Amino acid sequence: MKEIQQKLERCLLKVQKPARYIGGEPGSVVKDLSKVDVRFAFCFPDVYDVGMSHLGMKILYGLKNARENWWCERVFMPEKDLEAIMKENGIPLYALESLDPIKDFDFIGFTLQYELSYTNVLEMLSLAGVPVLAGERTSLTPIVVGGGPCVCDPEPIADFFDLFILGEGEEVNIELMELYERMKPLSPTKREFLREAAKIEGIYVPSFYDIEYNEDGTVSSIKPNCEGVPEKVKKRVITDIDGAYFPENFVVPFTSIVHDRAVVEVLRGCIRGCRFCQAGFIYRPFREKTSDTIRRQAECLCANTGYEQVSLSSLSTGDHTDIVKMLTTLAEYTDKENINLSLPSLRIDNFSEEMLERIAAVRKSGLTFAPEAGTQRLRDVINKNITEEEILRSCAMAFAAAL
Ligand code: SF4
């Protein structure tokens, strides 16, 4: 038995929800380490219940593990009770699949979904026994990577990361790991590896740029200090969302999590331009999956996980150009299997009788609308472009249909 496992067994009954910390859930991927060439610790800097609900993690976990000789494992921030015990007993931060310390991995990757998680990133590095400052991590591994929406403004946390991935991760993560797999046998220095990595579109290596600031703290200039790196790093965008990788299975937790169901992404980007909305801007352009793909992915996930609820994920599901056909196609399956369908992210102004009929036809849970502001003036200011009449009409239709 591994040392970490022995120590955990002695203390897990003293903490809340120990099932968060043991791994072994159905759908989790365990590999033979002797056949693994690249190890990636995928860290969500929040507790298990929150991180396990994140669709991006499920996509990249499945995608990386599809390579036989790569192993991507999950790591979450322990709650305060276990965190204290780990410190007291010298238990380093470990990955759930192997229970191995993440400091021994090739990559430690954080998804940065909200700024309030930044302190957890530092705490997780510290619990792992990895220096938090990139400048103090001189050996090749672990390479500390950041991705996710917060990386559109990486400077506040640039000192802690070896590199950032800008934009959507499906292709660039693979290119980065392939590069590492090619270079690893040559035993490069970290700088040599990072110089090659910086040539991949979408990769920003902060140590290769000099940043100057204005008096008010805003950035005045960003200049490369190293030959061969791009002057401007362009974010990556997946052009063919319909053909892009989507997992056929999820890890199904032993304990309750925030969103415990199958989730199918139906579109990326948003056709609107609400002024306050970061996601509406950074996930441009608008791309969508076909109804057949959405149904196939929902069927596959429900069959493999046993979930009886499927949620359609997007910024604005009602803006799918073929929403009625999509719901009809899905209903053929969900009706037959008695699966509950939930539709978050509907716009109030395009909620039609036809859409309502389709929704009412399937076994339904809730509807979510987001009017964002309580007065017409404020909705106009933020460019929400919905009127009071539209809000009242859509709510009346939903209540009349008892949804
Ligand atoms: S409709 Fe929603 S996702 Fe789209 S820009 Fe507005 S707030 Fe953002």
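Brief remarks follow.
- Selected from Pro78, Pro247, Pro26 as most flexible by GNM, with the chain as the system and alpha-carbon contacts under 10 Å: Pro26
- In order along the range 158-174, phi translates into HN-Hα couplings of 4, 5, 9, 10, 6, 7, 10, 9, 9, x, 7, x, 4, 7, 5, 4, 5 Hz, rounded to whole numbers, per the Karplus curve 6.51 cos²θ - 1.76 cosθ + 1.60 with θ = phi - 60° and x for Gly and Pro.
- In this structure, the amide hydrogen of Ser342, modeled 1.01 Å from its nitrogen in the peptide plane, lies closer than 5 angstrom to those of Val310, Ser311, Leu312, counting only residues at least 5 positions away or on a different chain.
- DSSP assigns beta bridges within the chain; of those with both partners inside it, close to 25 percent run antiparallel.
- Among the chymotrypsin sites (Phe, Trp or Tyr not before Pro) within the range 208-253, those in coil by DSSP and having at most 16 neighbouring Cβ atoms inside 10 Å are Tyr245.
- A convex hull fitted to the Cα coordinates of the range 262-400 yields 100 cubic angstrom per residue.
- Hz values of 3J(HN,Hα) by residue in the range 70-85 - Karplus curve (6.51, -1.76, 1.60), Gly and Pro given as x: 10, 9, 9, 10, 9, 9, 10, 6, x, 5, 3, 5, 6, 4, 5, 5
- Across the chain: Cys residues that no other cysteine approaches within a C-beta distance under 4.7 Å: Cys11, Cys43, Cys72, Cys150, Cys152, Cys226, Cys270, Cys300, Cys302, Cys395
- Qualifying trypsin sites (Lys or Arg not before Pro) for the range 36-76 [loop in DSSP, other Cβ within 10 Å: at most 16]: Arg67
- Within the chain, the ratio Rg/Rh, alpha carbon atoms throughout and Rh by Kirkwood, equals 0.99.
- For Gly167, the residues whose modelled amide H falls within less than 5 Å of its own, excluding neighbours fewer than 5 places apart on the same chain, are Gly148, Arg236.
- Considering only Met52, Met124, Met326, the Gaussian network model of the chain with Cα springs below 10 Å gives its largest mean-square fluctuation to Met326.
- Tilt relative to the chain, helix 55-65 - C-alpha long axis, 0 to 90 degrees, to 10: 50 degrees
- The chain - charge dipole about Cα centre, Lys and Arg +1 at Cβ, Asp and Glu -1, debye rounded to 20: 360 debye
- Its Cα centre serving as origin, the range 81-202 has a Cβ charge dipole (Lys and Arg +1, Asp and Glu -1) of approximately 500 debye.
- Restricting the calculation to Cα atoms, every distinct pair contributes to the Kirkwood radius of the range 3-224, found to be 18.0 Å.
- Per-residue ellipticity at 222 nm, computed for the chain from helices alone with -39500 (n - 2.57) per DSSP H run of at least four residues, works out to -9500 deg cm²/dmol.
- Only Cα pairs under 8 Å and 6+ residues apart enter the sum, and on that basis the relative contact order of the range 262-400 stands at 23 percent.
- Between Leu99, Leu82, Leu367, the residue with the greatest mean-square fluctuation in the GNM of the chain (Cα pairs under 10 Å linked by springs) is Leu367.
Just so you know, all these numbers are worked out from the coordinates, no wet-lab data involved. Worth saying up front: this structure is predicted, and the values here are computed from it rather than measured. Backbone-built Cβ (ideal geometry, glycine too); neighbour counts: all protein chains shown.
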